[in-house]
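Everything below concerns the one structure shown next.
We did not get these values from a lab; they are worked out from the coordinates using the rules stated. What you see is a predicted model, and the numbers here were worked out from it, not measured in a lab. Note that each Cβ is placed from the backbone with ideal geometry, even for glycine, and that neighbours are counted across all protein chains shown.
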Amino acid sequence: MSDCIFCKIINGEIPSEKLYEDDKVLAFNDINPEAPVHFLVIPKKHIKNINEITEENSEIVSHVFKVIKKITQDLGISEDGYRVVTNIGQNGGQTVGHMHFHILGGRNLVWPPG
Ligand code: AMP
Ligand code: ZN
C-alpha cells in the first residue's frame, strides 16, 4: 500500500525507533507514547485490521503474540504487567489502516479505557 504510513516505516521511507524485526513483523516505539512503554507490533504484510484475518493469514496473529512476549520480557515489564490493544475501524478508534498491536506498560493502567 503506497499511501500507508506503516508500510512506509517497513520499507524505510519513514524512520522509526525499532525494537525488533524479523521477516514477518516489525516492532517500533509509538511516536506519541501514552505510557512509559508504548510500542507497536505490525505485520510486514499490509492487513487493514482483524476484519481482514482469514484462515490463510491468521498465523501472523500468533506470531505477533510470541514477539510481544519476547519484547516485554526483554524490557522487563512482563511480570508487572502490561496491556495489548488493537483498534478496529471507526468506533474502535483506528487511525492508521494497517493492523497494529499497541503494547502499553510501565505504569498502572486504568480500566475501562475511554
Ligand atoms: P490507532 O489509533 O490504533 O490507529 O493507533 C495509531 C498509532 O500510531 C498512534 O498511537 C500513533 O501515535 C502511532 N503513530 C502514527 N504515526 C507514527 C509514526 N510515524 N511512528 C510511530 N508511531 C506512529
Ligand atoms: Zn500498510
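Has the stretch 91-98 got at least one residue that is at positive phi and surrounded by fewer than 15 Cβ atoms within 10 Å (Cβ to Cβ)? Within the stretch 91-98, one or more residues are at positive phi and surrounded by fewer than 15 Cβ atoms within 10 Å (Cβ to Cβ). Could you give every pair whose Cβ atoms fall below 7 Å, whose first residue belongs to the stretch 20-38 and is under 12 Å from PHE6 (Cα atoms), and whose second residue is of a type in the set (Ser, Thr, Tyr) and part of a loop (DSSP other than H, G, I, E, B), counting only separations of at least 6 or pairs across chains? Pairs found: PHE28/SER16. Under the condition of being more than 15 Å from ligand 2 (Cβ to nearest atom) and touching an Asp or Glu at 6+ places or on another chain (Cβ under 8 Å), the residues counted in the stretch 39-54 number 1.
Among all positions in the stretch 8-19, there is at least one residue which is assigned to a helix (DSSP H, G or I) and surrounded by 18 or more Cβ atoms within 10 Å (Cβ to Cβ).
Cβ-Cβ distances below 8 Å connect the following pairs, each with a first residue in the stretch 87-113 that is part of a strand (DSSP E or B), a second residue that is of a type in the set (Lys, Arg), and a separation of six or more residues or different chains: HIS102/ARG83; ILE103/ARG83; LEU104/ARG83; GLY105/ARG83.
Specify the residue that is nearest to HIS100 (Cα to Cα); the eligible residues are those in the stretch 39-74 that are without any contact (Cβ under 8 Å) to a residue 24 or more places away in the chain and touching a Pro at 6+ places or on another chain (Cβ under 9 Å). Filtering the stretch 39-74 for residues that are without any contact (Cβ under 8 Å) to a residue 24 or more places away in the chain and touching a Pro at 6+ places or on another chain (Cβ under 9 Å), the one nearest to HIS100 (Cα to Cα) comes out as VAL61.
Looking across the stretch 26-46, the residues that are of a type outside the set (D, E, K, R) and farther than 14 Å from ILE10 by Cα come down to ILE31, ASN32, PRO33, ALA35, PRO36, VAL37, HIS38, PHE39. Being within 16 Å of ligand 1 (Cβ to nearest atom) and touching a Ser or Thr at 6+ places or on another chain (Cβ under 9 Å) is not true of LEU19. For the stretch 1-23, the set of residues classified as over 13 Å from the mean Cα position of the chain (by Cα) and basic (Lys, Arg) consists of LYS8 only.
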